[in-house]
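The values are calculated or read from the model by the stated rules, or taken from the named source; none is laboratory data. On a predicted model such as this, the values are computed, not experimentally measured, just so you know. Using ideal geometry, Cβ is built from the backbone for each residue, glycine included, and neighbour counts are taken over all protein chains shown. In case anyone asks, the SASA skips ligands and DNA or RNA and just uses the protein heavy atoms, side chains included. Shrake-Rupley method; radii C 1.70, N 1.55, O 1.52, S 1.80 Å.
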Amino acid sequence: MTIRTATVADADRLAAFAELTFREAFGAMNTPEDMELHCRRSYSAAKQAEEIAATDSMTLLCEVDGMLAGYTQLRWGAEVPACVIGAAVGEIQRFYVHSPHHGTGVATALMTAAVSHLAERGCRNAWLSVWEQNPRAIAFYRKCGFIEVGKQIFLVGNDPQNDKVLVKVLSTI
């Protein structure tokens, strides 16, 4: 298993993988129209290249035997929901592991890398949002030390969905 920072050269590969894992996680519970609209807005190669190149974010890729197994996108310095209190807050904007790698340690290694990178950037708290109908992810985040602090709306296509907002303290200094 290797975890590395994505480069713009990874944009095409990441776009396909990001769409695959999003559809895998949420396709059965959303309309095809909402899934198509969300994926078109979020996972183009151009959008991934833009996000990879941004100076206020980082994309980490986890590879197993040279194949993508998971990824996370991190942001810092961006606006946070009102329920997230504290200074120097970083966001785990996306966190996905391909289903064949569930239960293999990929998610734990990727989360360890994510919070480490946020802490290295001076973040003292990390936040993320997770769909309230995703009990597996909620359980994983709680196991990693995140606690629920509120809710927010996440738009999938034209469907406003309820997300739980979770926070983890990275440093009290």
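When Arg13, Arg23 are screened for being assigned to a helix (DSSP H, G or I) and over 23 Å from Asp159 (Cα atoms), only Arg13 passes.
Answer with yes or no whether Ala82 is open to solvent by less than 50 Å² (accessible area, probe 1.4 Å), modelled with pLDDT under 95, farther than 22 Å from Glu19 by Cβ and of a type outside the set (Phe, Trp, Tyr).
No.
Scanning the range 96-108 for residues that are of a type outside the set (S, T, N, Q), open to solvent by 30 Å² or more (accessible area, probe 1.4 Å) and either in a strand (DSSP E or B) or more than 16 Å from Ala25 (Cα to Cα) (or both) yields Tyr96, Gly105.
The residue of the range 141-158 that is least open to solvent (accessible area, probe 1.4 Å), among those that are charged (D, E, K, R) and touching a Leu at 6+ places or on another chain (Cβ under 9 Å), is Glu148.
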